[in-house]
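Encoded as structure tokens, the structure appears first; notes follow it.
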Amino acid sequence: MRAPAAAGRSHRRLGRAVLGALALPGTVLCLQGCARPERAEPPSAASGSAPAAVTASAAGTSIAAAGPRGGPTAGTGEPALPVPVPEPGPDAPVPVVDLHVDTAWQVHSKGRLPSLPEGHITAEALRAGHYAAVLFAIYVPDDARGGKPRPADTEAVLGTIEKILAANPSLRLASQGPAPPGAVAVYLGIEGARAFASDPAKIDGFIARGVRLVGPVHAHDNAFSSSATGSARHGLTAAGKALCRRIYEQGALVDASHMSDAAFADLVPIAEAAGAPIVASHSNARAKCRNKRNLTDDQLRAIARTGGIAGLNFHGKFIASRRATIDDLVRHALHMVGVAGIDHLAIGSDFDGATPARGLEDASRLPDLARALGAAGLSQADVRKIFSDNALRVLGWKGRGGTGR
Ligand SMILES: [Zn+2]
């Protein structure tokens, strides 16, 4: 157990990490599809009818680029948190920063109401789970527009996220600065960059508006990369390597989840050259569940070497071949901590895109996972690292240019 003084220092470090995240220009969204390779395609896409991402207005959203880099609290001394995070303590709730949920896609294409009255992520479940922050994935299907999705489709999903934010006063873009008690900070990420294949520079505008994580590939190979569930015949293409460098140069992060092993290997030197932490936002340990979407021990070590993180995925098929339980996920966590270290594990639930393991049915169940990890021998301080500190440290990465992202 951490001594109180050390815990206080940890909290201040957390604050600085969040300040870095706050300095993002805009918001960040990451969405969807984690478990998608294991499931049928969304009916709208599979049937040939146009997915909502294609038909929605491309007029643009009001999520705008922030002002001067450095963020709303820059230069004010003690950083302000985007949401009040409880001080560590024996009875304090463990705040959650979830690096990947597919809620936006559920609203965008599956008819769920923006007020989020159902599903894995509801206002009530977020409150019960002690969520401090969640990263909404912006997902556009690989087969949108006959396999040629455009940035306008990404924009359309961003518009859906705006509707979600408008309908849920407790959700607040992390980039907008300190929020009132009870608020949940929302980060943004792009899952699969096929929409940017013909014009990678278009990604810049989304990063400028706060997109924090960009996954070059999703369930199928594309112009940038082969997929973990694709051919695996090559790694990052020349365009993919250039895209990753471009993302890092702007202070955003590349998401390695869904990459093939060859693509992951190609990413490592690019991340090292940029001084960037490698993030696999929603991937478990392949040593505990043999699935290509999970990470090898060598990949976990590479993540640790760069100061990065892997987010525990709650999707049952990524946890165990039989019906997975919360204890099975704890076994992944202990293995990943053993291989990569306690500073390199996080949470990436895949909620609203996954069929969760028994005991992890929705966001309200995170305290149960915290208790299970404690029962397995982790200290409260270690659980807190996994649940929020590590993610906030990495989300606060600023890049070599010190541009304030
Ligand atoms: Zn995914």
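Number of residues in segment 109-127 that are in a loop (DSSP other than H, G, I, E, B), surrounded by 14 or more Cβ atoms within 10 Å (Cβ to Cβ) and not charged (D, E, K, R) equals 7.
Whether a residue is within 16 Å of the ligand (Cβ to nearest atom) and either in a loop (DSSP other than H, G, I, E, B) or under 18 Å from Val279 (Cβ atoms) (or both) was assessed, and Ser321 does not pass this test. For Gly307, the requirement of being within 17 Å of Leu99 (Cβ to Cβ), surrounded by fewer than 21 Cβ atoms within 10 Å (Cβ to Cβ) and of a type outside the set (S, T, N, Q) is met. When every residue of segment 151-165 is checked against the conditions, none turns out to be within 18 Å of His220 (Cβ to Cβ) and part of a strand (DSSP E or B).
Condition check ((1) β-branched (Val, Ile, Thr); (2) over 23 Å from Ala320 (Cβ atoms); (3) more than 15 Å from the ligand (Cβ to nearest atom)) across all residues:
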site: Ala242; (1), (2), (3): no, yes, yes
site: Arg245; (1), (2), (3): no, yes, yes
site: Ala256; (1), (2), (3): no, no, no
site: Ile270; (1), (2), (3): yes, yes, yes
site: Ala274; (1), (2), (3): no, yes, yes
site: Ala287; (1), (2), (3): no, no, yes
site: Arg293; (1), (2), (3): no, no, no
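Scanning segment 310-368 for residues that are crowded, with 24+ Cβ neighbours inside 10 Å, among the charged types (D, E, K, R) and more than 22 Å from Arg393 (Cα to Cα) returns a single hit, Asp352. Kindly check whether there is at least one residue in segment 164-174 that is at pLDDT 95 or above and within 16 Å of the ligand (Cβ to nearest atom). Checking segment 164-174: not a single residue is at pLDDT 95 or above and within 16 Å of the ligand (Cβ to nearest atom). Each residue in segment 129-145 was checked for being modelled with pLDDT of 95 or more, over 12 Å from Ala156 (Cβ atoms) and within 16 Å of the ligand (Cβ to nearest atom), and 4 of them qualify. In segment 246-269, what residues are under 26 Å from Gly210 (Cβ atoms) and of a type in the set (Asp, Glu)? Listed by number, the residues that qualify are Glu249, Asp255. Looking at the structure I just gave you, is Asp142 among the charged types (D, E, K, R), buried (at least 24 other Cβ atoms within 10 Å of the Cβ) and farther than 23 Å from Ala92 by Cβ? No.
Restricting attention to segment 344-359, the residues that are β-branched (Val, Ile, Thr) and either part of a loop (DSSP other than H, G, I, E, B) or under 14 Å from Tyr139 (Cα atoms) (or both) add up to 1.
Can you pull out the residues in segment 172-214 that are part of a strand (DSSP E or B) and surrounded by fewer than 24 Cβ atoms within 10 Å (Cβ to Cβ)? Listed by number, the list holds a single entry, Arg172. Could you tell me whether Leu378 is in a loop (DSSP other than H, G, I, E, B), touching a helix residue (DSSP H, G or I) at 6+ places or on another chain (Cβ under 8 Å), closer than 22 Å to Tyr131 by Cβ and away from the ligand (no atom under 16 Å from the Cβ)? Answer is yes for this residue. Only a single item in (1) part of a loop (DSSP other than H, G, I, E, B); (2) in contact with a helix residue (DSSP H, G or I) (Cβ under 8 Å, 6 or more places away or on another chain); (3) within 16 Å of the ligand (Cβ to nearest atom) is not met by Gly230, and it is number (2).
The values are calculated or read from the model by the stated rules, or taken from the named source; none is laboratory data. These numbers were taken from a predicted model, which means no experiment stands behind them. Cβ coordinates were reconstructed from backbone atoms using ideal geometry, including for glycine residues, and neighbour counts include every protein chain displayed.
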